[in-house]
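Reading through the structure tokens given below for one structure.
Bear in mind these aren't lab numbers, they're just calculated from the coordinates by the rules spelled out. Everything numeric in this text was worked out from a predicted model, so none of it was measured. FYI the Cβ positions are ideal-geometry reconstructions off the backbone, even for glycines, and counts take in every protein chain you see.
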Amino acid sequence: MPELPEVETIKRGLKTKLVGQKIISVDVRVPKLFVGFPEMIEGQKIIDIDRRAKILIWKLEKNYLAFHLKMTGQLIYAPNKNRNWVVGGHPDKAYVAELPHKHSHIIFQLENGTLYFNDLRKFGWIKVLKDDAEMEPLVADLGPEYDWPEYTLDYLQQKLARRGGVTIKQALLDQSLVAGVGNIYADEALFLSKVHPKRKVSSLTGAEIAALYQNIPKVFETSLNHGGTSSQHYRKHDGSKGNYLNFANVYKREGRPCKTCGTPIERIKIASRSSHFCPQCQK
Ligand SMILES: [Zn+2]
């Protein structure tokens, strides 16, 4: 599932390509994935593209368009001038060779290109929002972004103090704590903080919480620098893959040696989610 760095990477890519373009038409091939009607956005210019947690938000002239990629959603942009290259399939870009394909469920025709919303599992969605009031329910329960002034050590300590009974892994996945932290970055932040994912929040020391406070932004920034993960379904706006998993310490590395101590990385289930950790480094 794309997490914060992946959605942010897509946002940055789309922002440079799409802002200022007019939406000519929208082809909704799977209606359940599109809440609203194409007529509500056709003819409007894209003013800005923003992100809140894992939600992408397009500001249009009269309203908003919100996107959630969920498990396997992709937003891939093919500029008109590269149309043949994309549709014909450059040998190095074979994964975007046949757009649109059977998983291209919503297709935006823009002034200078085409944007494909592909979604193998069909859990993603696109919603037309009339105004800020309609946006509110989508973002009401989200905690601060890691780079907001509201995200402070004091904030993290106070929020965690109210969740003493759950494991730290579960607490990190709760979107009301820090927005956008998912399985990959929770595991990676716990490794850097030397905290075992199964620890009860109430058992964490001040120093461990301080370490987590520092390491959550650190894993996000590292991933952003590498264009997000190299997970199976994640693609950047141009169809290419991210590179972050080559730099991950524990995620998807079960059985392989810890980069710090050489002990094989282990994987366990916590609240039905996989957790990857080093049994030697994380206590
Ligand atoms: Zn280790």
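At a glance:
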read-out	value
Pairwise label distance in nanometres, Lys70 with Asp154, each label 7 Å out on the Cα-Cβ vector	4.0 nm
Share of pairwise Cα separations in the chain, more than 28 Å, in percent	40 percent
Pair Val19, Lys241: separation of 7 Å Cα→Cβ label points (nm)	3.0 nm
Ordering of 43-55, 122-134, 183-195, 212-224 by packing [mean C-beta count within 10 Å, highest first]	183-195, 212-224, 43-55, 122-134
Dipole in debye (nearest 20) - segment 129-228, about Cα centre, beta carbon charges: Lys, Arg +1; Asp, Glu -1	780 debye
Burial order of peptide ranges 62-74, 22-34 (average beta-carbon count within 10 Å, highest first)	62-74, 22-34
Helix-derived mean residue ellipticity, 222 nm - over the chain, DSSP H n ≥ 4, -39500 (n - 2.57), to 500	-8000 deg cm²/dmol
Burial ranking of peptide ranges 253-259, 277-283 (average Cβ count within 10 Å, highest at the top)	277-283, 253-259
Net dipole in debye of segment 4-139 [+1 Lys, Arg Cβ; -1 Asp, Glu Cβ; about Cα centre; nearest 20]	280 debye
Sites Glu111 and Ala133, calculated FRET efficiency, Cβ-Cβ separation with R0 35 Å, nearest 0.05	0.75
